[in-house]
Amino acid sequence: MKRIMLITLLIIAFSLNAEIINSAFTPELLMPSIINMNNLTINHSMSFSSSISSNNQSAYESVYTNHLNYNFNSKLNLKIDLNFINYGSATYQGRIEFDGNHDNTSKVLPNFQLNYNPSENMNFTIEFRQYNSPFERNGLFD
């Protein structure tokens with residue numbers, strides 16, 4: 001799978017015309033750069049979720065995501081999401097007491113998407129997504 005992805009990336013890289021290559025290496029900032037920062041957008045999102053089941057098991061998850069979007073030109077676009085995830089589980093003891101299960105975990109899970117539109121009716125997309133929800137692991141609510 002890695003070889004197929006690498007070959008696909010190389011084919012796309014070699015098929016890029018001079019407009020794409022020149023626009024990617026034209027610095028428009030005060031500091032020299034190969035990336036035009038005017039074509040970069042950065043957004044952020046945050047979420048928190050928790051749940052409890054009838055067998056007194058609970059789970060939580062908090063996610064902070066940094067969304068990066070870079071437009072090389074009108075035909076080539078790169079999107080990167082950096083997900084900073086913290087999750088774990090606990091056992092409900094009664095009232096408002098929870099006993100942690102010592103499985104608190106933090107991870108950074110990247111996602112990326114490369115879109116290439118050589119013409120109006122043709123689109124190539126390479127995408128990689130990785131996400132681990134605590135509600136799907138270890139049969140927590142079985």
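Give me the pairs, please: first residue somewhere in segment 64-83 and over 30 Å from residue 106 (Cα atoms), second residue anywhere and charged (D, E, K, R), beta-carbon distance under 9 Å, and either six or more positions apart or on two chains.
73/19; 75/19
Looking only at residues that are touching a residue at least 12 places away in the same chain (Cβ under 8 Å) and among the aliphatic types (A, V, I, L, M) in segment 33-61, which one is surrounded by the most Cβ atoms within 10 Å (Cβ to Cβ)?
Restricting to residues being touching a residue at least 12 places away in the same chain (Cβ under 8 Å) and among the aliphatic types (A, V, I, L, M), the top hit is 59.
Cβ contacts < 9 Å: first residue charged (D, E, K, R), restricted to segment 96-119; second residue exposed (fewer than 15 other Cβ atoms within 10 Å of the Cβ), any location; separation 6+ or different chain. Result?
99/91; 99/93; 103/138; 107/84; 107/132
Let me confirm something: among 54, 33, 74, which residue is at pLDDT 90 or above, outside any strand (DSSP E or B), more than 19 Å from the chain's Cα centre (by Cα) and among the small types (Gly, Ala, Ser)?
None of the others qualify; the one that does is 74.
Quick test for you: out of 92, 64, pick the one residue that is surrounded by 14 or more Cβ atoms within 10 Å (Cβ to Cβ), modelled with pLDDT under 85, outside any loop (DSSP other than H, G, I, E, B) and of a type in the set (Phe, Trp, Tyr).
One residue alone meets the criteria, 92.
The values are calculated or read from the model by the stated rules, or taken from the named source; none is laboratory data. Everything numeric in this text was worked out from a predicted model, so none of it was measured. Note that we place each Cβ from the backbone using ideal geometry, even for glycine, and neighbour counts take in every protein chain shown.
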